[in-house]
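To start, the structure itself, in structure tokens.
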Amino acid sequence: MSATGGAEIAAEHTPVVDVTAWAVIRDEPGGRDPNKRWLAADPEAPRHEHWLWKSRQRTGDGSETALTDCAEVIVSRLASLIDLPAAVCQFAVCDGEWGVISRNVTPDGFSLNTGATYLPEVEGYERQWADSTKELRPGRMRRERGYTLDAVRQVLTNVGAPSGTSGLSAFGVFAGYLVLDALTGNTDRHPGNWALLESDEDGTRYLAATYDHGSALGAGLTEENRMTRRPKDFAAKGRANPFEPKGQPLVDLAFDAVAQADADLWLSRLAILDKGTVRAALDAPPGRLSEVAAMFIEGVILENRRRLSDDHVTED
């Protein structure tokens, strides 16, 4: 039985990486998790072999551990299934604590800068400050004016698509990130949760693979919430919170981006995500994902797939 009751979903073959003895490369400041740090099995490993360790967070009321590790791994798997560039994530443990490791998306010879670095170059975009001291308001990047789909499109002008993609612009791939957000109920695509890779040699810019999906799939809900809420209702309430206009549904933003970028293939690729495929993506080590949580997450994904795919039932 799980700590929250109900049978566990346990995949004995799902690996758990013990990073207790790994070298600490550096701490990762910012965000809601103060314990993030970059690790490597070999202290001399190149940057693309560094992994970001994140321990499980707590639910909003502090009563339970949130399923942030499960969300990261499951979203990474779903992205892989539709050939969307995303950070590779694996279940991990450090000093007995459950968490996840996310592989660095920055190759050697490049620097990574978040969207927040480039958005101030867009006319109409500005941060909202708390007062004359120029301190950011609580919520950090969520209350910035002018954070629109068009602003992102301007930032991605003359930016290359991620390595391994072809036939799509950087904005076309970003549209895929928004489809993934809509599929998984990720409401946290703020300007710090996407980035550009900039060449150290000539300054050429490329869109980085998507990363940081710990807020997806209702990871912060309590087990009681999952037992009493219908996945269909939860999916319908998904909003693209950081973007303007405020309150727009995740699905609507994804449709808008796909239409603007002529990137309909992302909707077509969702056809692969039938019930069996989605269920397989939920494999987790013993104790990490209860039957209640797995059924809820499966329902959210399948409902969002239906909402995104009613008119896109064939693969590209």
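Being small (Gly, Ala, Ser) and surrounded by fewer than 21 Cβ atoms within 10 Å (Cβ to Cβ) is a property that does not hold for residue 214. Within the stretch 294-307, does at least one residue satisfy the condition of being closer than 30 Å to residue 65 by Cβ, of a type outside the set (A, V, I, L, M, F, W, C), at pLDDT below 95 and out of contact with any strand residue (DSSP E or B) (no Cβ under 8 Å at 6 or more places or on another chain)? So far as the stretch 294-307 goes, no, none of its residues is closer than 30 Å to residue 65 by Cβ, of a type outside the set (A, V, I, L, M, F, W, C), at pLDDT below 95 and out of contact with any strand residue (DSSP E or B) (no Cβ under 8 Å at 6 or more places or on another chain). Restricting the first member to the stretch 194-207 and to residues that are farther than 25 Å from residue 147 by Cβ, and the second to residues that are hydroxyl-bearing (Ser, Thr, Tyr), the beta-carbon pairs closer than 7 Å and six or more apart or on different chains are 200/111. Out of all the residues in the stretch 186-198, is one or more open to solvent by 10 Å² or more (accessible area, probe 1.4 Å) and more than 13 Å from the chain's Cα centre (by Cα)? Yes: one or more hits. Please indicate, with yes or no, whether at least one residue in the stretch 126-136 is modelled with pLDDT of 95 or more and either under 18 Å from the mean Cα position of the chain (by Cα) or among the charged types (D, E, K, R) (or both). No, the stretch 126-136 contains no residue that is modelled with pLDDT of 95 or more and either under 18 Å from the mean Cα position of the chain (by Cα) or among the charged types (D, E, K, R) (or both). For the stretch 74-118, a tally of residues being surrounded by 21 or more Cβ atoms within 10 Å (Cβ to Cβ) and part of a helix (DSSP H, G or I) returns 7.
For residue 45, the criteria (1) touching a residue at least 24 places away in the same chain (Cβ under 8 Å); (2) in a loop (DSSP other than H, G, I, E, B); (3) within 26 Å of residue 108 (Cβ to Cβ) hold in every case but one, which is (1).
The values are calculated or read from the model by the stated rules, or taken from the named source; none is laboratory data. Keep in mind it's a predicted model, so treat the numbers as computed, not measured. Note: ideal-geometry Cβ built from the backbone for every residue, glycine included; neighbour counts use all protein chains shown. Surface areas here come from the heavy atoms of the whole protein model, side chains and all, with no ligands, DNA or RNA. Shrake-Rupley method; radii C 1.70, N 1.55, O 1.52, S 1.80 Å.
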